[in-house]
Amino acid sequence: APRDAVTSTDAVTSTDAGDDPRSGTYTLVPALAYACQDEVFKTPVLSLAVASLTVVARPGGVTVTWPGGGAALTGPAIAGNSLQASASLPHPDCTATLTLRATFADGARMNGTLDLGFAGIGCALTSCEARSLGVQALRMR
């Protein structure tokens, strides 16, 4: 017996990452780099080498990751064209906090800052300093 051509409504309501046009992989120009270490034991506290970011925007919140990045940055759903996501990277006696604040433009650009903060009694014994790194990115896919 012939079947009806259209019987599914699966595609009508989806909360897939692809539904938000700001989701995707963004290439940073220039790439971000920052490193600091515990000056006593010479162990890394934070080591960033970021050439691209992957943004996954959903109605319930946003996640930002990068290759080899460790913890994902998370935040509330994108409001208007503004994104804010953060993560804490624990280290004995000196915790790094990364906060990305960015805006989207032209559907393919993201501009903002990645703020690096450090808190803990042992931070004085590190080479870590609070920084604000400029983020300029183009969406690739």
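The values are calculated or read from the model by the stated rules, or taken from the named source; none is laboratory data. Everything quoted here is computed from the prediction, not taken from an experiment. In this analysis, Cβ positions are derived from the backbone assuming ideal geometry, glycine residues included, and neighbour counts consider all displayed protein chains. Calculation scope for accessible area: heavy atoms of the full protein, side chains included, ligands and nucleic acids excluded. Shrake-Rupley method; radii C 1.70, N 1.55, O 1.52, S 1.80 Å.
List of remarks:
- Considering only residues in segment 40-60 that are β-branched (V, I, T) and under 20 Å from L116 (Cβ atoms), the one that is modelled with the lowest pLDDT turns out to be T43.
- Scope segment 61-80; condition open to solvent by 80 Å² or more (accessible area, probe 1.4 Å) and modelled with pLDDT under 95; matching residues: P67, G68
- Identification of strands (runs of 3 or more DSSP E) wholly contained in segment 52-119 with 3 or more residues that are over 16 Å from T25 (Cβ atoms) yields 82-89, 95-105, 109-119.
- A count restricted to segment 41-55 and to residues that are over 9 Å from the mean Cα position of the chain (by Cα) and more than 13 Å from C128 (Cβ to Cβ) stands at 6.
- Applying the condition of being part of a strand (DSSP E or B) and within 20 Å of A57 (Cβ to Cβ) to segment 127-141 and asking which residue is most open to solvent (accessible area, probe 1.4 Å) yields Q136.
- Residue check, T27 open to solvent by less than 70 Å² (accessible area, probe 1.4 Å), in a strand (DSSP E or B), at pLDDT 90 or above and hydroxyl-bearing (S, T, Y): yes
- Applying the set (1) outside any strand (DSSP E or B); (2) hydrophobic (A, V, I, L, M, F, W, C); (3) surrounded by 13 or more Cβ atoms within 10 Å (Cβ to Cβ) to A124 leaves exactly one unmet item: (3).
- The condition (being of a type in the set (D, E) and modelled with pLDDT under 95) is satisfied by just one residue among D115, D106: D106.
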